[in-house]
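Below is one structure, written out as structure tokens; the observations come after it.
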Amino acid sequence: MGEFVRVEIEAGIATIRLDRPKMNALNGQVQREIGAAAEQVSADPEVHAVILYGGERIFAAGADVKEMSEASPDRIMELAAGIQAAFKAVARIPKPVVAAITGYALGGGLELALSCDLRVASTSVKITTAFAKVGLSGDYGGTYFLTHLLGSAKARELYLLSPLLTAKEALGLGMVTKVVPDAEVEAVQRREVGQEDAEQHPPDEAKGLVIHHAASSCA
């Protein structure tokens, strides 16, 4: 169990819980802990489905901009490689993985959600690629996943303009799978996805029924 990322297992369902106040910013330590958590649940034969959850107020705010602003160019490249490795580890979990999105999923936080198989969002969620607002390009795997979800034209639009989307708008585009009341987001995805897959299918079969990972072809 890491300082900011912990794994909780109950009835065959593992919850990877982000907990770095206030915004779950993904600094180098959080990146490493996400990767370690992904490896843990991947290897555990008692885990049949996985929830990625940031808490009631926020999913994740993306990379730690303060950490990056104080880093050398070489260190920034190391941080970028670290977050790519963490998200790739999540994408390669050989079991159904659901992002339970609350509050905000911004920039790298959205890209972390996109690395999951399904995304269940609370009604008050706000989602954005964010990168255009801070003069950066999406470089953590989101351009890959969003292109496969929505097509290249819509993915380019979302990355170049970085609009702030409501849960309803994200659902209409196909970025999230379902929108539920704020208080129910974790419970709904556990009930409707995790338990059904854990009870009815072995992990690899369930993974195929939910969605096929393309992580093996990620750069």
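The values are calculated or read from the model by the stated rules, or taken from the named source; none is laboratory data. As the structure is a prediction and not an experimental result, all values here were calculated from the model. Here the Cβ is made from the backbone with ideal geometry for all residues, glycine too, and neighbour counts use every protein chain on show.
At-a-glance table
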| read-out | value |
| --- | --- |
| Which listed residue is at pLDDT 85 or above, of a type outside the set (Phe, Trp, Tyr) and outside any loop (DSSP other than H, G, I, E, B), from Glu192, Glu199, Glu169, Glu205 | Glu169 |
| Residue in the stretch 26-33 that is closer than 24 Å to Ala121 by Cα, outside any helix (DSSP H, G or I) and touching a helix residue (DSSP H, G or I) at 6+ places or on another chain (Cβ under 8 Å) present | yes |
| Complete set of residues in the stretch 135-158 that are of a type in the set (S, T, N, Q) and either over 19 Å from the mean Cα position of the chain (by Cα) or not in a loop (DSSP other than H, G, I, E, B) (or both) | Thr143, Thr147, Ser152 |
| Members of the stretch 123-146 found to be at pLDDT 95 or above and farther than 16 Å from Pro163 by Cβ, listed by number | Thr123, Ser124 |
| Neighbours by Cβ (under 8 Å, 6+ apart or cross-chain): first from the stretch 1-15, loosely packed, with under 14 Cβ neighbours inside 10 Å; second of a type in the set (D, E, K, R) | Glu3/Glu33; Glu8/Arg17 |
| From Ala113, Ala132, Ala121, Ala105, residue being closer than 19 Å to Gly172 by Cα, in a helix (DSSP H, G or I) and either without any contact (Cβ under 8 Å) to a residue 40 or more places away in the chain or among the aliphatic types (A, V, I, L, M) (or both) | Ala113 |
| Unmet criterion (only one of (1) in a loop (DSSP other than H, G, I, E, B); (2) within 16 Å of Val30 (Cβ to Cβ)) for Pro163 | (2) |
| Residue in the stretch 118-161 that is nearest to Ala80 (Cα to Cα), counting only those that are small (Gly, Ala, Ser) and surrounded by fewer than 18 Cβ atoms within 10 Å (Cβ to Cβ) | Ser137 |
| Hey, Ile93 within 25 Å of Lys133 (Cβ to Cβ), touching a Ser or Thr at 6+ places or on another chain (Cβ under 8 Å) and in a loop (DSSP other than H, G, I, E, B) or not | no |
| Matching residues, the stretch 42-71, being small (Gly, Ala, Ser), in a loop (DSSP other than H, G, I, E, B) and under 16 Å from Leu136 (Cα atoms) | Ala61, Gly62, Ala71 |
